[in-house]
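Notes follow once the structure below has been shown.
Taken together, the values in this text are just the output of simple stated rules run on the coordinates, not laboratory data. All of these numbers come straight from a predicted model, not from anything done at the bench. FYI the Cβ positions are ideal-geometry reconstructions off the backbone, even for glycines, and counts take in every protein chain you see.
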Amino acid sequence: MKIVILDGYTENPGDLSWEGFEALGEVTVYDRTPEDKITERIGDAEIVIINKTPISRETLDVCRNIRYVGVLATGFNVVDIKACKEASVVVANIPTYGTDAVGQFAIALLLEICHHVAHHSNAVHEGRWSSNEDWCFWDYPLIELADKTMGIIGFGRIGRATGRIAKAMGMRVIAYDGYPCEEGRELGEYVGLDELLAQSDVIALHCPLTPENTGLICRATIDKMKDGVIILNNSRGPLINEEDLAEALNLGKVYAAGLDVVGAEPISMDNPLLKAKNCFITPHISWAPRESRKRLMDLAVDNLKAFLAGNPINVVN
C-alpha cells in the first residue's frame, strides 16, 4: 500500500511522528507540493494525504490508482468532491480536533486587544519602564471585560468553547445560531442576528463559511453594531468584507479587530487590513498547538485504518 503525504509540514514541522501512517503502508512525505508536481508525486499511490494541496478531476484522470484522499483538516474545499465520488475515491476529513485550541485563541486575541501585552512587554525591554518618572505607565486604554457582552455568531463546539471562557471572565454571553441546543442555553442566551449586532461589545465569529454568510461582516451589519465594538474572527476569512472592516476601523466605528484568518491566504501585502488602525492579525495559527495537531494526526490515522478495514468514517463524499 503506497501512501503519499503531499504537504505535511504545517501538520508536522518535526515535533510529531508519521509512524501511525508508516504502520499502514509505504509512506513518502513531502513538506510542500507545488501544483505542477502533484500528479508526478502521487504516481501510482493508492492513498493520498493532503492539507491544502488541491486534488482535481485532472489529477484523478492521471492518477488512476487513488482509492482514498485523507484531508488533514476540517475544510475540504481543495478537493473536487464530485469527481472523487464519480471515480469511487473516498474522501475523509477531521471534523473536530482543535475545539479548545481555537476557543482559547479567540480569547487570546481579545486579551491582546484589551491589554496590549506584547507592546508593553517590548516597551519594558526597551528600557522605558526603567527610565519612567512614574512607577507604571500604559500607552493604550486598558479594557476590563467583566459585565460586557460577548456576542458569538455560530454557537457550535468552538463557539461554546469561547463562550465558556468569556462567561468565566464575567461576560454576558449571547449567541446567534440556526441550531440552538441545551448546552448553548446553559452558557448564554440565543438571540436574533440584529439583536446580537446591537447589544454586543465584542463579536466573535465561529460559524462555517457558506454562500449565504460570505461577507457577513460588512458596512450594513457594522452600522447596526455599537460604536467601539471589538470584532474577532478565527473562523474563515471571507466572512468579513475586508474593505468595509478597514474603513470602520479607521473611522473608529469598530474599536479593534483580532483576526487569525483573512480572505486570501497567505495575506497579500495590499490587503487593506494591514494598514487599518488597531487591527491585530496572526497567520492562521489557532489550530496549531502541538496537542491539537497530535489529535489531528491520530484521527487521520484512525480514518485511514477504518477505510482499510472496509468501514470508512468521516467520509465527506
Checklist outcome for this item: On each of the three principal axes the extent of the alpha-carbon atoms of the chain, given in whole Å and largest first, is 68, 48, 36
Checklist entry - GNM, the chain, Cα, under 10 Å: largest mean-square fluctuation among MET225, MET269, MET297? => result MET269
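Rounded to whole Å and ordered largest first, report the semi-axes of the equivalent ellipsoid of region 116-185 derived from its Cα gyration tensor (root of 5λ).
The equivalent ellipsoid of region 116-185 has semi-axes of 38, 12, 8 Å.
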Item to check | Using a Förster distance of 51 Å, the FRET efficiency for GLU186-ASP223 (Cβ separation, nearest 0.05) | outcome: 0.95
Item to check | Gain upon complete extension [LYS85, LEU111; 0.36 nm per residue less C-alpha separation] | outcome: 4.9 nm
Checklist entry - Using +1 on the beta carbon of Lys and Arg, -1 on that of Asp and Glu, and nothing else charged, what's the dipole of region 171-315 about the Cα centre, debye to 20? => result 460
Next on the checklist: I'd like the distance separating the alpha-carbon centroids of region 137-158 and region 168-195, in whole Å.
Outcome noted: 15
Item to check | Cα pair distances exceeding 25 angstrom across region 1-156, given as percent | outcome: 52
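I need the GluC sites (Glu not before Pro) found in region 67-145, filtered to DSSP loop residues with at most 14 other beta carbons within 10 Å of theirs.
GLU126, GLU133, GLU144
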Checklist entry - If you take all C-alpha pairs in region 225-317, what percent of them are over 17 Å apart? => result 60
Next on the checklist: For a 22 Å ceiling on Cα separation, which of these pairs sit above it: LYS224/LYS275; LYS148/LYS226; LYS253/LYS275?
Outcome noted: LYS224/LYS275
Item to check | Top of VAL78, VAL124, VAL262 by mean-square fluctuation, Gaussian network on the chain, Cα under 10 Å | outcome: VAL124
Checklist entry - Once region 99-277 is represented by equal point scatterers at the alpha-carbon sites, with solvent omitted, what log10 I(q)/I(0) does the Debye formula produce at q = 0.10, 0.16, 0.18, 0.20 Å⁻¹? => result -0.40, -0.96, -1.18, -1.40
Checklist entry - To the nearest Å, what is the center-to-center distance of region 33-110 and region 260-307, using C-alpha atoms only? => result 15
